[in-house]
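Below you'll find the structure, written out as structure tokens, and then a few comments.
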Amino acid sequence: MGAARRPRGKIQGAIAPVCVRSLSNDGLVLATMFLTRDEEAMLAGEKGEGARTAMELLVALGGIYDAKRLVPIASAHLSGVSYKTIGEGGIEFLERLSGDARVCVPTTLNPAGMDRRKWREMGISPRFADRQQHIIECYERLGVNTDCSCTPYLNTNVPKRGQTLAWAESNALSFANSVVGARTNREGGPGALAAAITGRTPEYGLHLDDNRRPSMLVEVELDEVDYSLLGQAVGSVVGGRIPYYRGIRPTVDQLKTLAAAMAAAGSVALFHVEGITPESGEHDPRGLERLPIGRAEIESARNKLDTGKDPELIALGCPHLSVEEVRDLAARLKGKKRKGDAEVWFCTSRCTAASCPRELEVLSRFGHVVCDTCMVVTPIEERFRVTATNSGKACNYLPTLCSQKVVYRTTEGLLEMIS
Ligand code: F3S
């Protein structure tokens, strides 16, 4: 990063802006970004070491993506919580930042590597539990809400249309962009944390109108839609482009499932659903490349995901179960008898669990209600080899992050295995 100098022109929203030049190794100017006095002070270390590190990270990110300035954010959501995924290197980074820095906007946290209360029942080792607890305490010191869920948009961190955010966690940020109409890039854990500490994020990508236009028209020709398989079919074709859906009427929970599956099968961070998502009316999809989705595409997605048999673990709640989903599961299971030997997990947030205690009693007769974590970020590979799930996102990650063979079933199919 190069030295700062004051520019002559006036930059909107910035008081006495300072120009920061990002330099390549051979000294060439890569990008120029304008900082306010306040941002400059953070970068100079006048507001502490943590804020300086955070600002350096944001300026470097802005340089890479050619952002011209930083913009204020309304909230942040952080990934990088499980000891399984961040390890000792992540702890070192968090210890450094949590020395003197604090978040300055509402900030929530993704699932950790274990249920904080029932970790022994999950077969977690004392050492893992100790390191995991230390990570959560670092976030607590930083001022982060440690509810540990990937669906903060349902309760603990509800974004509003038009707000600028810095969210990590692919399902959450896609939901915020697509269903709420807020604006966030697909942040990584460190970028989102740096934004939470400084209250700003570099303005590029999905923060800009031009980058939010749909680039492909998805025409769904199905009477009944399985949203995990639809997300898989579309995500694997569109990659990082922005799909515009025609022919579906998903509920909020189905939108959550769709967002998660597309983010995992591709890297979709924003999608439009005609007549449902806030920005869909602002775009005319005529003339876009068409992607018809019928039975053949859905069956092909199913065959790709469903590769195992005889599951040892049956896991629901990726993304974390909502109150409505918990109620629906309890209603379907009430009065039935448990069958089968496979262990069963219902993954949800502690906040959601607290709102439906009677339904949780029903679910507890069929398996473990697991909070703060999920089947992907906890070390299930130490106990199980085959996992069954109804989540397109989990099907994508279980083989790579948890060495699992995967059985894909609808919710109904999973409930038939256990009742
Ligand atoms: Fe959430 Fe874990 Fe799935 S973080 S989206 S339940 S992989």
Crossing angle, helix 252-265 versus the chain [Cα axis fit, 0-90 degrees, rounded to tens]: 70
What list of ³J(HN,Hα) couplings, whole Hz, do you get for the stretch 358-365 from phi and the Karplus terms 6.51, -1.76, 1.60, once you set θ to phi - 60° and write x for glycine and proline? 5, 5, 5, 4, 4, 4, 5, 6
Cβ-derived FRET efficiency at R0 60 Å, D310 paired with R161, nearest 0.05: 0.85
Let's test the formula: R0 of 56 Å, r as the Cβ-Cβ distance of A41 and D328. What FRET efficiency results, to the nearest 0.05? 0.65
Along the Cα→Cβ direction, 7 angstrom out, place labels at K339 and D66. What is the inter-label distance in nm? 6.1
Please go through the stretch 203-303 and write out the GluC sites (Glu not before Pro) that DSSP classes as loop and that have at most 13 other C-beta atoms within 10 Å. E221, E224
Mind pulling the angle between the C-alpha long axis of helix 295-305 and the longest principal axis of the chain? Nearest 10 degrees, somewhere in 0 to 90. 80
Listed by chain and number, the residues whose amide H is under 5 Å from that of V20, excluding neighbours fewer than 5 places away on the same chain and using placed H, are M33, F34, L35
Most mobile of L173, L208, L401 per a Gaussian network model of the chain (Cα springs, under 10 Å)? L208
Using a Gaussian network model of the chain whose springs link C-alpha atoms within less than 10 Å, name the residue from A41, A259, A196 with the highest mean-square fluctuation. A41
Among the listed pairs K84/K337; K118/K304; K160/K405; K336/K405; K118/K309; K118/K336, give every one whose C-alpha distance is greater than 31 Å. K84/K337; K118/K304; K160/K405
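Given Cβ point charges of +1 (Lys, Arg) and -1 (Asp, Glu) and nothing else, what value in debye, to the nearest 20, does the dipole of the chain about its Cα centre take?
On the way: 52 positive and 51 negative charges, 80 e Å.
For the chain, the charge dipole is close to 380 debye.
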Please list the non-local residues whose amide H lies under 5 Å from the amide H of V218, H modeled 1.01 Å from N, same-chain partners needing a gap of 5 or more. Y244, Y245, R246, L291
Compute the length gained on full extension between E56 and E224: take 0.36 nm times their separation in residues and subtract their Cα-Cα distance, giving the result in nm to one decimal. 55.6 nm
With +1 assigned to the C-beta of every Lys and Arg and -1 to the C-beta of every Asp and Glu, and no other charges, what is the dipole magnitude of the stretch 267-419 about the Cα centre in debye, to the nearest 20? 640
Tilt relative to the chain, helix 227-238 - C-alpha long axis, 0 to 90 degrees, to 10: 40
Where in the stretch 206-240 does the amide nitrogen come within less than 15 Å of the point 7 Å from the Cα of R290, taken along Cα to Cβ? 216-222
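Taken together, the values in this text are just the output of simple stated rules run on the coordinates, not laboratory data. All values reported here derive from a predicted model rather than from experimental measurement. All Cβ positions, glycine included, derive from the backbone under ideal geometry; neighbour counts span all protein chains shown.
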